[in-house]
1. Multiplying the sequence separation of Glu122 and Leu4 by 0.36 nm and subtracting their Cα-Cα distance, what value in nm do you get?
2. Just the ratio, please: alpha-carbon radius of gyration of the chain over 2.2 N^0.38 Å, N its number of residues.
3. How many Å² of accessible area per residue for the range 1-110, probe 1.4 Å?
4. At 7 Å along the Cα-to-beta-carbon direction for both Arg13 and Leu27, put a label point, then send me their distance in nm to one decimal.
5. Quick one: with all protein chains in place, what share of the accessible area of the range 39-104 is carbon or sulfur, to the nearest percent (1.4 Å probe)?
6. Net charge near Thr152, counting Lys/Arg +1 and Asp/Glu -1 over other residues with Cβ under 11 Å of its Cβ?
7. Counting only GluC sites (Glu not before Pro) that are in a DSSP loop and have at most 15 other C-beta atoms within 10 Å, tell me the longest site-free stretch of the chain.
8. Provide the three semi-axes, in whole Å and in decreasing order, of the ellipsoid equivalent to the range 92-180 as defined by the square roots of 5 times the Cα gyration tensor eigenvalues.
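The values are calculated or read from the model by the stated rules, or taken from the named source; none is laboratory data. Source: prediction; values computed, not measured. No Cβ is skipped: glycine too gets one built from the backbone with ideal geometry, and neighbour counts run over all protein chains shown. Keep in mind that these areas ignore ligands, DNA and RNA; they rest on the heavy atoms of the full protein, side chains included. Shrake-Rupley method; radii C 1.70, N 1.55, O 1.52, S 1.80 Å.
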Amino acid sequence: MSFLDRLDSTVSRYLTEVAGPRERLALLRWQIAERHALDRRETMPGHATTSAFVLSPDHARILLIDHVVIGRWLQPGGHYEPAATFHESALREAVEETGVAGSALHPWHRGSDLPFAIGSHEVPGSPRRNEPPHIHHDLQYLFIADPTLLLTAQEEEVHAAAWKPIVTLAEIAPVAFARLQTLSSQG
C-alpha cells in the first residue's frame, strides 16, 4: 500500500472512530484527495508529521522538548520518515530528540496504528531552507516510558528535554489533553 493510501485509510479510520465533532481535518483530507505527496516536506501548503506523547506510567507527567526553531515546549516529533507504521515514525522522533529509552506504545492503541489525535497546525518557515510558513498535519501517538531514565536532548533541534506535569499539555495540544483527561477518568 502506498504512503498516501495508508494515510488516507488512517485518517478515515480516525475520523470515524476517534475524532470529535469539530475535528474535520478539511485541508488534510483535501490534500489527500488531490494526491499531494504528503510524505515530502517540500509539499505545500502542508505535509505529514508524526509526534509522540510520552507519558509516565501514572499519566502524571509528559516528556516535552524545548524546540529550537519554534521556541517553546512541545511533544517530540518531526517530519514523517518512512516506517512500517506511523507510530514507529513518531517513536523514532521521540528517541532521536530526547534519548528516551524503553518506550512502549500505550494500551489505548490496542496495538494498532490508529492515532490518538491528529492536529493540523501552522509552523513558521525556515529562511535557511528557503521554506515558507506552512501546515504540519501531525499524527499523534501515546507512549509510556520510565521518567527516571536519563534523557539526552538532540542539540541541533532541541534546547532541552524534560518531564513536565501533564497539565502542561493543555496549552500545547488541547484536543489530546482533553482526550487524555477522559481516558484517565475511565481508567
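1. Values: separation 118, 0.36 × 118 = 42.48 nm, distance 2.11 nm.
Full extension from Glu122 to Leu4 adds 40.4 nm.
2. Expressed relative to 2.2 N^0.38 Å, the Cα Rg reads 0.98.
3. Details: 5290 Å² over 110 residues.
With the other protein chains kept in place, the range 1-110 gives 48 Å² per residue.
4. Computed distance between label sites Arg13 and Leu27 equals 2.6 nm.
5. Carbon plus sulfur share of accessible area: 55 percent.
6. -3
7. Maximal segment without exposed cleavage sites: 43-154.
8. Ellipsoid half-lengths, sorted descending, are 23, 19, 13 Å.
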